[in-house]
1. Taking Gln130 as the residue in question, decide whether it is open to solvent by 10 Å² or more (accessible area, probe 1.4 Å) and part of a helix (DSSP H, G or I).
2. Out of all the residues in segment 127-139, is one or more touching a residue at least 12 places away in the same chain (Cβ under 8 Å) and touching a Cys at 6+ places or on another chain (Cβ under 6 Å)?
3. Tally up the residues in segment 102-126 that are farther than 18 Å from Trp153 by Cβ, touching a residue at least 60 places away in the same chain (Cβ under 8 Å) and outside any loop (DSSP other than H, G, I, E, B), please.
4. Suppose we keep only residues that are small (Gly, Ala, Ser) and surrounded by fewer than 13 Cβ atoms within 10 Å (Cβ to Cβ) within segment 14-61. Which one would you say is farthest from Gln124 (Cα to Cα)?
5. What pairs can you find where one residue is in segment 1-26 and more than 17 Å from Pro53 (Cβ to Cβ) and of a type outside the set (S, T, N, Q), the other is open to solvent by less than 100 Å² (accessible area, probe 1.4 Å) and not in a loop (DSSP other than H, G, I, E, B), and their Cβ atoms are less than 6 Å apart, with a gap of 6+ or different chains?
6. Go through (1) farther than 18 Å from Ala149 by Cα; (2) under 14 Å from the mean Cα position of the chain (by Cα) and name the single condition Thr29 misses.
7. Would you please name the residue that is farthest from Thr29 (Cα to Cα), looking only at residues in segment 59-75 that are within 14 Å of the chain's Cα centre (by Cα) and among the hydroxyl-bearing types (Ser, Thr, Tyr)?
8. Considering segment 149-168 alone, what residues qualify as being open to solvent by 70 Å² or more (accessible area, probe 1.4 Å), modelled with pLDDT of 95 or more and under 16 Å from the mean Cα position of the chain (by Cα)?
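The values are calculated or read from the model by the stated rules, or taken from the named source; none is laboratory data. Note that the structure is a prediction, hence the values are computed from the model and not measured. With ideal geometry, Cβ positions are generated from the backbone for all residues, glycine too; neighbour counts draw on all protein chains shown. Ligands, DNA and RNA are excluded from the accessible area calculation, which covers all protein heavy atoms including side chains. Shrake-Rupley method; radii C 1.70, N 1.55, O 1.52, S 1.80 Å.
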Amino acid sequence: IRVLLPGHDSTYLSQPFEPNWLEKMAPFTTLRFMNWGNTNNSALQYWEERPQPNDYTYTIDGVPYEHWIEVSNMLQKNAWVNIPHLADSIYIANLATLFRDSLDPGLKIYVEYSNEIWNWMFDQTHYCYQNGNQSEPWPERIVPFIQNALDIWSEVFEGRLHRLVRVV
């Protein structure tokens, strides 16, 4: 079963993105995929768990990274990536490598550890608070989580750091 917008039954395989939606992206230089990645309260920890293009739905863990890259390349827009807060080092390195190797080299990648890790309504804040160094005050306790994630991206992008914008 497929649910398609009227008029897209013959084009959805070659053009999966709705043309009116693509037009609405025109004014922007950077696309932030925080909601596509279901970043807030994400349970993703291992690379094998990430959403895949052939998943039957993208409503559980988000839209696959390959589609983020596809739409960014198609529209020639920079990509803003939010790393799931539970992602292990292998996940983070694989994510960075995927974007390094697949996103048009003329585009920048904004990378951020999770989202709003200061906002108590999100699991990621509680995770950092509970799992950070308890001798560190809050919010300084979050620094190692951010530093680790951004250091991995910087290592993967060694020699190409001009493409990377680290967001804190």
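1. Working: open to solvent by 10 Å² or more (accessible area, probe 1.4 Å): yes; part of a helix (DSSP H, G or I): yes.
When the stated conditions are applied, Gln130 passes them.
2. No, the conditions are met nowhere in segment 127-139.
3. To start, the set of residues in segment 102-126 that are farther than 18 Å from Trp153 by Cβ comprises 106, 116, 118-123, 125-126.
Still in the running and touching a residue at least 60 places away in the same chain (Cβ under 8 Å): 116, 122-123.
Then keep just the ones that are outside any loop (DSSP other than H, G, I, E, B); that gives 123.
Summing the residues that are farther than 18 Å from Trp153 by Cβ, touching a residue at least 60 places away in the same chain (Cβ under 8 Å) and outside any loop (DSSP other than H, G, I, E, B) in segment 102-126 gives 1.
4. Our first condition is that a residue be small (Gly, Ala, Ser); within segment 14-61, this holds for 14, 26, 37, 42-43.
Subsequent filtering for residues that are surrounded by fewer than 13 Cβ atoms within 10 Å (Cβ to Cβ) retains 14, 26, 43.
Values: Ser14: 37, Ala26: 32, Ala43: 10 Å.
This residue is Ser14.
5. That search, which allows pairs on different chains as well, returns Met25/Leu75.
6. (2)
7. Within segment 59-75, the first condition is being within 14 Å of the chain's Cα centre (by Cα), and the residues that meet it are 61-72.
Subsequent filtering for residues that are among the hydroxyl-bearing types (Ser, Thr, Tyr) retains 65, 72.
Details: Tyr65: 19, Ser72: 10 Å.
Within segment 59-75, the match that is farthest from Thr29 (Cα to Cα) is Tyr65.
8. Going through segment 149-168, the residues open to solvent by 70 Å² or more (accessible area, probe 1.4 Å) turn out to be 155, 158-162, 166, 168.
Checking the rest, the ones that are also modelled with pLDDT of 95 or more come to 155, 158-162, 166.
Scanning segment 149-168 gives a single hit, Arg166.
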